[in-house]
Structure formats: structure tokens, C-alpha cells
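Peer 1: A single structure is presented below for examination.
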Amino acid sequence: MKKQLFSLYLLFFCQVLYGQTDTSFFFTRVKQDSSKLKLNMDAVYNRPFLQMGKLPVSLGGYLEANSSYFSTDGISDGLSFQLPRLTMFMSASIRQRIKFMTEIEFEEGGREINIEFAALDLEFNPLFNLRGGVIMNPIGSFNQNHDGPKWEFVSRPVSSTTIIPSTWSNVGFGVFGKYSRKDWVWAYEAYLSNGFDDNIINNNQNRTWFPASKANGDRFEESFNGVPLKTVKMAVKHRKVAEIGLSWMGGVYNKFKDDGIILDKKRQLNFIALDINSTILKDTYLNGEWVWAYVDVPDTYIQQFGNRQQGGFLDIVQPIKKGKMLGWSESVLNVALRLEYADYNVGNFQELGLRIADHMYALVPAISFRPSAQTVIRANYRYERHTDLLRNPASQTAGFQFGFSTYF
Amino acid sequence: MNRRLLIFAIILEAILIVSCERITPRVPADDQILDGPIDGLSSAEKTRFLAGDVAFNDEIFTRETGLGSVFVATSCGSCHAGDGKGTLFTTLTRFGQTDETGNKFLHLGGPQLQNRAIPGYTPESIPAGATFSRFTPPSNTGLGFIELVSDEDILAMADPSDLDKDGISGVPNYGALPSFINALPNAIPKNGKYIHRFGKKAAAYSLLHQTVNAYSQDIGISSAFAPKDVYSGQEIDPEISNLTINNVVFYLQTLKAPIQRDQNDTQVQRGKQTFIDLGCQGCHKQTLKTSLSPIAALSNKTFHPYTDLLLHDMGSGLDDGYTEGSAKTSEWRTPPLWGLGLSPNSQGGQYFLMHDGRARSIEQAIQMHGGEAGASRDRFKKLAQGEQADLIKFLKSL
């Protein structure tokens with residue numbers, strides 16, 4: 001009996017080992033259908049999934065790991081290694097035209113665990129579908145299309161993580177739809193969700209800082225002030241030209257009323273974002289996003305907390321070799337360049353009449369190697385200049401980053 | 001091709017690793033920056049310096065950590081970027097005192113105006129009838145040396161009756177000590193009051209006194225030393241630990257003194273001679289010395305701050321009608337000139353000089369001197385253009 005059990009175990013173990021070397025044994029990789037007109041807003045489903053047999057459940061995820069060496073004004077903390085995120089996603093077709101998808105992210109080695117997306121889609125018509133749950137607010141392009149393996153640079157764009165606090169997701173409901181004809185596709189999304197809180201002007205960054213609201217886990221249980229955050233995006237794409245997206249997110253960030261007592265007026269915030277991506281000159285890929293943010297900061301508060309921010313990035317990616325390299329048959333070697341800028345306080349000092357600075361820009365030349373479409377090994381040099389509020393001599397940061405990101 | 005690619009990748013990686021420190025930003029020269037510790041600190045003292053550095057420059061106060069409710073700035077570093085001088089953005093407004101009998105507006109929010117407030121609160125305004133003055137935040141460097149100048153040495157520089165007939169008198173600001181301050185062993189009190197030395201009017205006795213006041217009056221942070229809330233006037237729980245305050249004091253005590261640049265430049269040397277010839281040294285004393293300190297690196301050192309730490313009558317042009325301690329409204333403590341040339345690095349590339357930043361250049365600042373400094377100012381005006389340029393270059397080298 002023991003021998004039989006042992007044999008059975010051995011057989012299973014061998015199959016598991018085999019399964020790990022050949023995913024097709026247990027799972028089949030669901031290939032992405034590139035014939036469809038995919039947009040940034042489709043990114044949540046536009047991922048390589050693994051499917052087991054004919055089960056209506058697909059699994060997937062991605063991992064990012066990197067090392068970096070940076071120096072600011074000549075002072076360096078040396079070489080360090082990071083595991084910024086391990087993300088797992090799962091989708092299920094519950095019934096025809098009813099889908100569920102979730103994305104759970106483990107950040108900084110598991111110190112933070114976030115449900116970035118967990119939504120049910122009810123499909124009625126290509127032009128009209130319902131989505132509810134934890135949704136990623138469709139502001140700009142990066143917030144929804146942020147998977148590490150899709151990018152040729154180790155760090156995420158600064159404006160997309162510090163002005164738009166990507167990944168910015170909230171509990172909410174909304175509608176989305178798409179209309180396509182020949183090479184054209186037009187799509188929209190509109191959601192109501194919980195939103196920001198007054199930590200955006202009450203934080204240890206000493207500036208208006210939208211990511212501060214991400215620390216408020218209560219936003220998955222209740223709205224900070226009872227006023228929903230509204231997010232609307234429209235995008236249009238021509239297969240041979242470009243995709244352009246225009247999005248708006250707006251709401252109230254302060255607690256203007258508590259226990260029925262009026263505390264303050266409703267203070268608005270608004271984001272407007274423009275995103276564009278295109279492939280030019282046959283295979284040069286351009287991808288950019290620009291965001292403007294407006295916040296009603298009380299006049300009697302300190303001007304370090306600005307009422308306007310703006311910033312964006314432009315990525316240029318040029319494949320320089322495609323084909324068989326180092327034994328991988330469909331590999332690609334790219335050179336890339338990112339230009340990015342973020343101004344955290346657009347305006348003038350009341351006391352000085354001079355322009356407030358508090359901005360940064362960065363230049364990031366990179367090289368990336370993709371042994372397959374799902375995996376990217378990348379290295380970049382990064383040069384940043386940060387100018388403080390008063391426009392004092394800028395601090396300079398520069399260094400190298402090396403890492404990989406892969407779907408699994 | 002693949003082998004070439006592999007070799008290329010290995011070589012590239014090797015180059016990057018080797019060159020990391022070569023193609024990243026260089027450390028600025030020590031004489032170009034104000035921050036950094038004094039030489040000779042022990043490892044334990046360096047650790048404490050770093051703890052104070054973090055509290056001073058990185059700790060941003062929020063509503064939850066005690067900011068306000070009314071305040072001027074959200075952190076120490078907001079007023080002293082890079083440990084240098086501040087600008088009009090963080091200028092402090094003080095009101096309510098016109099003579100040595102004390103501040104008559106303490107019950108109305110004096111002595112300092114908190115002109116900002118967290119959302120939902122209303123900032124203070126200057127009460128009707130109160131005179132006021134604006135104080136630009138000073139630089140922090142070398143304060144540990146200044147704190148250790150003995151009362152005996154300060155009194156030796158004073159000349160209240162102008163016995164030497166040079167037109168410069170100079171008197172210390174005597175004030176009462178707050179309960180949390182212990183007088184230094186070598187203090188020389190007068191009628192129960194002690195020589196104060198920090199601040200535009202020399203109204204703070206020590207760096208602890210100055211730090212506690214700044215947390216309270218500038219940021220609205222109560223402490224065990226100053227437990228009253230600036231908004232309500234009521235005693236509240238401490239919003240900062242004694243340890244943090246003591247670390248910040250230690251940081252201020254052990255920040256290095258500014259290092260003079262271009263000392264061998266002939267124009268700088270000529271300018272220094274002109275500085276002496278004009279009589280500027282009558283108040284801006286070049287060299288002082290420290291007394292004994294528990295911090296060995298500060299003990300018995302000679303240093304060059306260009307101040308006498310005394311109050312001088314600067315004339316009606318600089319009389320704002322407000323004062324502190326025993327100073328008269330036209331009297332100001334001689335500000336140290338060290339670090340003057342680096343001021344634009346913390347003032348957005350510009351100069352905001354004199355007590356309230358009204359002078360936008362060193363020349364303007366000299367011309368605004370009056371009272372006891374009037375004669376030196378007049379001599380400056382009579383200098384040839386080249387001689388004036390020499391003097392300015394010398395002052396910028398400090």
C-alpha cells in the first residue's frame with residue numbers, strides 16, 4: 001500500500017515538475033488577440049492569462065525586481081535591490097456576458113497588499129456595459145495600463161504616480177462601451193466612486209500630494225465626505241495612426257460636513273489628462289501622457305500646498321534588433337528614452353510675486369531586451385533635477401537602474 | 001552575433017558598475033554649502049547630529065502631529081532651506097512691544113503673528129494699535145559657536161557710554177530666563193536678568209530657548225517646555241518629545257560654520273582692508289572665541305562670525321516701533337556676516353537682507369545702515385566704484 005502511494009506521489013510529482021517546465025501541461029497560455037482594436041482602457045483584460053483546460057477561470061500575474069544605484073548631489077546610499085511589486089490576477093467567466101476580474105498587488109516585498117481591481121462586468125451591448133466593484137479610475141492612460149512588463153523603464157512615470165496617484169482604484173460603479181468601424185474605434189468609460197480626502201493637503205510631503213489619499217484604506221468602505229468622485233474618459237484610435245484619450249476626474253476632497261454640522265465649504269479637485277500613443281516610422285513607438293490638476297486649497301493655508309499641478313511624460317521606444325537572440329527566437333532589443341516633468345505648485349507667491357517652483361524633470365535613456373513579449377529585462381540611466389519651492393539651486397540626482405519584469 | 005551581443009552586454013554592465021560614482025552628481029565643495037557637521041564630532045555625536053537633521057529638515061507637521069491650529073510654517077526646514085536664510089515667504093511678524101516694559105498684546109496673540117491656519121480655522125491678524133516688525137529667518141550655521149561666547153567676552157565688546165568716542169556703543173540685551181532654561185555657569189547676570197544673544201533683537205538666551213519658541217510660535221507645536229497652545233492659549237499635551245527638541249538643539253549647535261571662499265584673491269583681500277578702514281569691524285567683529293563645552297569639538301575655538309552679539313541703534317530708518325527684551329525699537333543685534341555670500345542659495349537666487357528682507361543687494365543693505373553705523377555708511381558712499389566692488393566681493397566671500 002505504501003509502495004502504491006509512493007508511486008502515485010512520484011507520478012504526481014513528476015507531472016508537477018513537467019508542468020512547471022511546460023505550462024501547456026496544466027495550463028494553456030491565452031494568447032492576446034492582436035487583430036482587435038485594443039485601447040489603454042482595455043488593459044485590464046489585455047494581459048496574458050493562463051487557463052487550465054476548459055475551466056472558465058484564467059490566472060496570471062507579473063513580477064518586477066530591480067536594483068538601483070543613485071546619488072543626490074554626490075551623496076549616495078549605495079546599491080540597493082528592490083522587489084517593487086508582485087501582482088496576481090484572476091478572471092472568470094461566470095456566465096455568458098458576465099465576467100469577473102481581480103488584480104491583487106503585493107508591494108515592497110509584501111509590506112503592502114492592495115486589491116487594485118476587483119470588478120464584475122455585465123455586458124449588454126458593445127456600446128453599453130456595466131462595471132462595479134473596485135475599479136481603476138480611467139484617468140490618463142498609465143493608471144489602467146500600468147503592468148510592469150509593458151514598459152521599457154524600471155521606474156514608473158513620476159507624473160503618473162505623484163500627480164495621478166497610480167494605481168488609483170476605488171470602490172465604484174459605472175458604464176463603459178466601445179464602437180468600432182474599419183480601422184477606427186471610439187470608446188468611453190464613466191464611473192462614480194469613492195475618492196480623495198483632505199490628506200492631499202495635510203501630509204508629510206509638504207506639498208499638495210494626491211497619493212496621500214491612498215493611505216486611507218477606509219475609502220474601500222465609505223466615502224470620506226459622501227460626494228462621489230466622478231471619472232469620465234473618452235478615447236479614439238485609428239489602427240494606423242494613433243490612440244488619443246481625454247479624461248476628467250473630479251470631486252470634493254474635504255469633509256465639509258460632519259454629524260450634520262457644516263464645517264467648511266465643499267472644496268473641489270479636478271484632473272484633466274490627455275494621453276496619446278502611436279507607432280511612427282514603421283516601428284518607433286511613442287507613448288505619452290499629460291495631466292493638469294486643480295485643487296481648491298484654502299487661501300489661509302500655506303502656499304507650499306499648491307492649487308495647481310501639471311506634468312507628464314513621453315516615452316520613445318525604438319527596436320534595434322528583432323529575431324533570434326541568445327537562443328530566444330522572438331526576442332527584441334530596444335533602445336528607449338523617457339522625458340518627464342512634474343510641477344507640483346503652479347502659481348506665484350503672494351508675498352514675493354515671483355513664480356513658485358517646486359518642480360522636477362528627468363531624462364531617462366534606457367535599453368531593454370525582450371526574450372519574449374511577456375518578459376522585459378531593462379536597464380536605464382536616470383538623471384533628475386528637483387527645484388524647490390523658492391527656486392534655489394536644483395538638487396541633482398542621477399544613477400542606474402537594472403531589473404526585469406515578467407508576466408507569468 | 002549572439003556572442004557579440006552577450007559580450008557587449010557584459011562589457012556595458014561592467015562599465016556601468018565601475019562608472020557609477022563617476023557619472024553621478026558630484027558633492028558640492030564644502031565651502032559652497034552651509035549644511036554639514038563641524039569637524040571632530042564623535043560617532044555618537046554624529047548619530048545625534050543626524051537625528052536632529054532629520055527632525056529639523058524632514059519632519060513635516062500635519063494636523064495629526066500638532067500643526068497649528070494657527071502657524072507660520074509646517075517644518076523647521078521650510079524657513080531655513082539648506083540651513084540658510086529665509087525669504088519673505090516665511091517672514092515672521094512680531095507685534096505688541098514698544099519698550100523694555102514688555103509686550104502689551106500677549107492676550108491678543110502676541111508676540112508673533114500666526115498668519116496661516118489649518119483648514120477650518122482663521123489665522124491671526126495684527127490687533128488694532130499694535131506696532132509690528134517683520135523678521136526674515138536667519139541662517140542656522142555656526143550657531144553652536146555663537147552660543148559659547150562667554151558673557152565676559154560680550155561685555156568686553158560693549159561700550160554703552162561710547163567711552164572710546166567712535167560713535168558706536170553696543171549693549172547686551174538682558175532678559176529673564178524662562179523656567180526651562182538653566183543659566184550657564186559663566187553667566188554674568190544683571191539685576192536677575194541674563195545676556196541674551198539669538199534673534200534679530202537678541203531676545204533668545206540659548207538655542208534651546210530659540211528652538212522651543214520656534215516650535216511653539218512658528219509651527220504651533222506645544223512641548224513640555226512651552227505647553228500652551230498658540231491658538232487657544234490653553235495648556236495642552238506635548239506635541240513633540242523632549243528628545244526631539246534636544247536633538248534639534250544639538251543639530252543647531254553642531255552645524256559647521258560657513259567657510260570663507262577666495263581668501264587669497266587680491267580683490268577680496270583689498271575688500272577686507274576696506275571693511276576694516278570703514279569701521280565696519282566696530283560692530284561686525286571678525287573674530288570671537290568659544291568657552292568650554294561638553295561637545296569637545298566646540299570647546300575653546302576661535303571663529304570668524306563678524307558680529308559682536310550686541311544691540312546697536314541703527315537709526316530711525318530701521319525703527320519699526322517694535323522691540324523685544326530690553327532693546328529699544330531702533331536697536332538691532334549685529335547680524336553675523338558669515339555665510340552672506342551663500343544667502344542667494346537659500347533665497348531663490350536673490351538677496352533679502354536686513355531684518356525684514358527689505359534690502360535686495362549688499363550695497364542696498366549697507367546704505368540702509370544708520371544710527372551708530374551712519375558714519376561707516378557715509379564712508380562707503382564716498383568710496384570709488386572699484387573700492388566698493390572690492391568690499392562687496394569680500395562680503396560675498398564670507
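Peer 1: Since B:Phe275 meets every condition but one in (1) touching a residue at least 24 places away in the same chain (Cβ under 8 Å); (2) part of a loop (DSSP other than H, G, I, E, B), which condition does it not meet?
Peer 2: (2)
Peer 1: With the requirement that a residue be crowded, with 21+ Cβ neighbours inside 10 Å and closer than 26 Å to A:Val297 by Cα, what does the range B:125-140 give you?
Peer 2: Within the range B:125-140, B:Thr136, B:Pro137 qualify.
Peer 1: So B:Ser346 fits all but one of (1) at pLDDT 95 or above; (2) open to solvent by less than 10 Å² (accessible area, probe 1.4 Å); (3) within 22 Å of B:Asp31 (Cβ to Cβ); what number is the exception?
Peer 2: So B:Ser346 meets the others, but not (1).
Peer 1: Out of all the residues in the range B:132-176, which are basic (Lys, Arg) and in contact with a His (Cβ under 8 Å, 6 or more places away or on another chain)? Show your work before the answer.
Peer 2: Our first condition is that a residue be basic (Lys, Arg); within the range B:132-176, this holds for B:134, B:165.
Result: B:Arg134, single match.
Peer 1: Separate question: Give me a count of the residues in the range A:364-408 that are more than 23 Å from A:Pro149 (Cβ to Cβ) and either more than 13 Å from every other protein chain (Cβ to nearest Cβ) or in contact (Cβ under 8 Å) with a residue 60 or more places away in the chain (or both).
Peer 2: Going through the range A:364-408 one residue at a time, the tally reaches 5.
Peer 1: While we're here: Here is a list of conditions, (1) among the hydrophobic types (A, V, I, L, M, F, W, C); (2) closer than 19 Å to A:Ser213 by Cβ; (3) touching a Leu at 6+ places or on another chain (Cβ under 6 Å); (4) away from chain B (no Cβ under 14 Å), and A:Phe271 meets all of them except one; can you say which number that is?
Peer 2: (3)
Peer 1: Now a separate question. Do we find that B:Gly321 is more than 15 Å from the chain's Cα centre (by Cα), farther than 30 Å from B:Glu100 by Cβ and assigned to a loop (DSSP other than H, G, I, E, B) in this structure? Please lay out each step first, then the result.
Peer 2: Values: more than 15 Å from the chain's Cα centre (by Cα): yes; farther than 30 Å from B:Glu100 by Cβ: no; assigned to a loop (DSSP other than H, G, I, E, B): yes.
No.
Peer 1: Name the residues in the range A:268-288 that are charged (D, E, K, R) and part of a strand (DSSP E or B), would you? Break it down into steps so the answer makes sense when it comes.
Peer 2: Keep residues of the range A:268-288 that are charged (D, E, K, R), which gives A:275, A:282-283.
Selection gives A:Asp275 alone.
Peer 1: Something else: Open to solvent by less than 20 Å² (accessible area, probe 1.4 Å), part of a loop (DSSP other than H, G, I, E, B) and within 10 Å of chain B (Cβ to nearest Cβ): does that describe A:Asn345?
Peer 2: Details: open to solvent by less than 20 Å² (accessible area, probe 1.4 Å): yes; part of a loop (DSSP other than H, G, I, E, B): yes; within 10 Å of chain B (Cβ to nearest Cβ): no.
Taking the combined requirement at face value, the residue does not satisfy it.
Peer 1: While we're looking at this one, here's another question. Based on this model, can you work out whether A:Val335 counts as in a strand (DSSP E or B), over 30 Å from B:Pro344 (Cα atoms), away from every other protein chain (no Cβ under 13 Å) and among the β-branched types (Val, Ile, Thr)?
Peer 2: On the way: in a strand (DSSP E or B): yes; over 30 Å from B:Pro344 (Cα atoms): yes; away from every other protein chain (no Cβ under 13 Å): no; among the β-branched types (Val, Ile, Thr): yes.
It is false that A:Val335 is in a strand (DSSP E or B), over 30 Å from B:Pro344 (Cα atoms), away from every other protein chain (no Cβ under 13 Å) and among the β-branched types (Val, Ile, Thr).
Peer 1: Sticking with this structure for a sec: What tally of residues in the range A:176-215 results from selecting those that are within 12 Å of another protein chain (Cβ to nearest Cβ), open to solvent by 30 Å² or more (accessible area, probe 1.4 Å), over 18 Å from A:Gln268 (Cβ atoms) and among the polar types (S, T, N, Q)?
Peer 2: 2
Peer 1: While we're looking at this one, here's another question. Need a quick list: helices (runs of 4 or more DSSP H) entirely within the range B:1-79 having at least 3 residues that are open to solvent by 50 Å² or more (accessible area, probe 1.4 Å) and either modelled with pLDDT of 90 or more or more than 10 Å from chain A (Cβ to nearest Cβ) (or both). Before you say what the answer is, go through the steps one by one.
Peer 2: Values: elements: B:2-19, B:43-53, B:76-79.
Of the helices (runs of 4 or more DSSP H) lying wholly inside the range B:1-79, those with at least 3 residues that are open to solvent by 50 Å² or more (accessible area, probe 1.4 Å) and either modelled with pLDDT of 90 or more or more than 10 Å from chain A (Cβ to nearest Cβ) (or both) span B:2-19, B:43-53.
Peer 1: Continuing with this model, one more query. Condition (residue is open to solvent by less than 20 Å² (accessible area, probe 1.4 Å), under 30 Å from B:Pro294 (Cα atoms), more than 12 Å from chain A (Cβ to nearest Cβ) and within 22 Å of the chain's Cα centre (by Cα)) applied to the range B:90-102: is it met by at least one residue?
Peer 2: No - not one qualifying residue is present in the range B:90-102.
Peer 1: Let me ask another. Select from the range A:67-115 the residues that are within 14 Å of chain B (Cβ to nearest Cβ), touching a Pro at 6+ places or on another chain (Cβ under 8 Å) and in a strand (DSSP E or B) and write down the one among them that is least open to solvent (accessible area, probe 1.4 Å).
Peer 2: So, considering only residues that are within 14 Å of chain B (Cβ to nearest Cβ), touching a Pro at 6+ places or on another chain (Cβ under 8 Å) and in a strand (DSSP E or B), the one least open to solvent (accessible area, probe 1.4 Å) is A:Ser71.
Peer 1: Name the residues in the range B:144-185 that are aliphatic (A, V, I, L, M) and open to solvent by 30 Å² or more (accessible area, probe 1.4 Å), would you?
Peer 2: First, the residues of the range B:144-185 that are aliphatic (A, V, I, L, M): B:146, B:148-149, B:154-158, B:163, B:168, B:171, B:176-177, B:181, B:183-184.
Once the filter is applied, which keeps residues that are aliphatic (A, V, I, L, M) and open to solvent by 30 Å² or more (accessible area, probe 1.4 Å), the range B:144-185 yields B:Leu155, B:Ala156, B:Met157, B:Leu163, B:Val171, B:Ala176, B:Leu177, B:Ala183, B:Leu184.
Peer 1: A follow-up question, please. Is it true that B:Thr87 is in contact with a Phe, Trp or Tyr (Cβ under 6 Å, 6 or more places away or on another chain) and either of a type in the set (Gly, Ala, Ser) or within 19 Å of B:Phe198 (Cβ to Cβ) (or both)?
Peer 2: Considered against the rule, which asks whether it is in contact with a Phe, Trp or Tyr (Cβ under 6 Å, 6 or more places away or on another chain) and either of a type in the set (Gly, Ala, Ser) or within 19 Å of B:Phe198 (Cβ to Cβ) (or both), B:Thr87 comes out as no.
Peer 1: Also: Return yes or no: is A:Glu330 more than 12 Å from every other protein chain (Cβ to nearest Cβ), charged (D, E, K, R) and surrounded by fewer than 18 Cβ atoms within 10 Å (Cβ to Cβ)?
Peer 2: On the way: more than 12 Å from every other protein chain (Cβ to nearest Cβ): yes; charged (D, E, K, R): yes; surrounded by fewer than 18 Cβ atoms within 10 Å (Cβ to Cβ): yes.
Spelling it out, A:Glu330 is indeed more than 12 Å from every other protein chain (Cβ to nearest Cβ), charged (D, E, K, R) and surrounded by fewer than 18 Cβ atoms within 10 Å (Cβ to Cβ).
Peer 1: Which residue out of A:Gly323, A:Gly311, A:Gly245 is modelled with pLDDT under 95, open to solvent by less than 30 Å² (accessible area, probe 1.4 Å) and not in a loop (DSSP other than H, G, I, E, B)?
Peer 2: Working: A:Gly311 fails: modelled with pLDDT under 95; A:Gly245 fails: modelled with pLDDT under 95.
None of the others qualify; the one that does is A:Gly323.
The values are calculated or read from the model by the stated rules, or taken from the named source; none is laboratory data. Computed from a prediction, not measured in an experiment: that's the story for all the values here. Don't worry about glycine lacking a Cβ; one is built from the backbone with ideal geometry, like all the others, and counts go over all protein chains shown. Note: areas computed on protein heavy atoms with side chains; ligands, DNA, RNA excluded. Shrake-Rupley method; radii C 1.70, N 1.55, O 1.52, S 1.80 Å.
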